[in-house]
Amino acid sequence: MKLKLTEKKPETPDVTSFIFSPSESLTWQPGQFLHYVLHHRPTDDRGSDRWFTVSAAPFENHVMVTTRHASEKSSTFKNALFDLKEGDEIEISVMEGDFTLNDPEKEHVFIAGGIGVTPFRSIIKQLDHDKKPINVTLLYSNHDQNIVYKEELETIAANNPNFKIHYIFSPEHIDEGKIREFVPDITTPIFYVSGPEPMVDALGETLKKMGIQEDHIKQDWFPGYPAE
Ligand SMILES: Cc1cc2nc3c(=O)[nH]c(=O)nc-3n(C[C@H](O)[C@H](O)[C@H](O)COP(=O)(O)OP(=O)(O)OC[C@H]3O[C@@H](n4cnc5c(N)ncnc54)[C@H](O)[C@@H]3O)c2cc1C
């Protein structure tokens, strides 16, 4: 299937959301991702395909990819993506992933490392749209004050007292101390961790060492990024 670019939305100085309309009807669960192929020349050894979360919620009726551009270190894929013009197309394959919410009534802790916030946007926007409970503490680490989706997440939090956001900026990191500080009872919630692979692995280990049951931990790994 193909997606046609309809809009490029700058989110922060180095992060852009790409909004696409699908050529056929497409459904997904908030938190799922797609495999994208973008043919371009020359192509570096990182190739012409990538996985990206669908950062749009299903009710928004379009696909959105939110990603960072690493300036001069960027891959040829990212350069080609950022060079796309409205009307240009990108190929996708089937929707995948189980980094989705089962029961919104339960308590959740969402841990995002930088651009790892993309699945959480989709999940939270859809809960808000459906007027379902948002029992979520979002711990959001970032290397600077340029927070992706800051305004739209804070608008939802302002109307949902059980949705709390805590930012952790470099050089601070999310660790056991920060989790205990912002999550007083760690035994109840289900923990969702999303972001650069090394960070997601490290926090998975931290949560296990803290005694969180494995079935209370869900992880979404973004390869190709250094730890936040
Ligand atoms: C299920 C899933 C969902 C994902 N969702 C998202 C998402 O929503 N948004 C998103 O941005 N990403 C997402 N990713 C990650 C995405 O697929 C890319 O791996 C990531 O964006 C990095 O892209 P890039 O390789 O083009 O590197 P770039 O973004 O161009 O570079 C990233 C950084 O890594 C360095 N780097 C990485 N690999 C190399 C290498 N081989 N050689 C030299 N330098 C290197 C670069 O120098 C740069 O500093 C997801 C991945 C998966 C598996």
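The values are calculated or read from the model by the stated rules, or taken from the named source; none is laboratory data. Everything numeric here is computed off the predicted structure, so don't read it as measured data. Neighbour counts are summed over all protein chains in view; Cβ atoms, including those assigned to glycine, are modelled from backbone coordinates with ideal geometry.
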Next on the checklist: Which of the numbered conditions does residue 209 fail, given that it passes all the others? Conditions: (1) in contact with an Asp or Glu (Cβ under 7 Å, 6 or more places away or on another chain); (2) more than 25 Å from residue 51 (Cβ to Cβ).
Outcome noted: (1)
Checklist outcome for this item: Taking segment 87-128 and keeping only residues that are of a type in the set (Val, Ile, Thr) and either within 15 Å of the chain's Cα centre (by Cα) or assigned to a strand (DSSP E or B) (or both), one is left with 90, 92, 100, 109, 111, 115, 117, 118, 123, 124
Item to check | Hits in segment 23-49 - residues which are in a loop (DSSP other than H, G, I, E, B), within 11 Å of the ligand (Cβ to nearest atom), out of contact with any Pro (no Cβ under 7 Å at 6 or more places or on another chain) and under 23 Å from residue 114 (Cα atoms) | outcome: 32, 46
Checklist entry - Out of 125, 78, 150, which single residue is in contact with a His (Cβ under 8 Å, 6 or more places away or on another chain) and basic (Lys, Arg)? => result 78
Checklist entry - Say we look at segment 51-67 and pick out the residues that are of a type outside the set (S, T, N, Q) and in contact (Cβ under 8 Å) with a residue 60 or more places away in the chain; which of these is surrounded by the most Cβ atoms within 10 Å (Cβ to Cβ)? => result 54
Checklist entry - What about residue 81, is it within 20 Å of the chain's Cα centre (by Cα) and more than 10 Å from the ligand (Cβ to nearest atom)? => result no
Next on the checklist: Here is a check on your reading of the model: is residue 71 at pLDDT 95 or above and of a type in the set (Ser, Thr, Tyr)?
Outcome noted: no
Item to check | Leading residue by the ranking (farthest from the ligand (Cβ to nearest atom)) among those in segment 203-226 that are surrounded by fewer than 16 Cβ atoms within 10 Å (Cβ to Cβ) and in a loop (DSSP other than H, G, I, E, B) | outcome: 211
Item to check | Options 59, 20, 52; residue that is away from the ligand (no atom under 14 Å from the Cβ) and among the aromatic types (Phe, Trp, Tyr) | outcome: 59
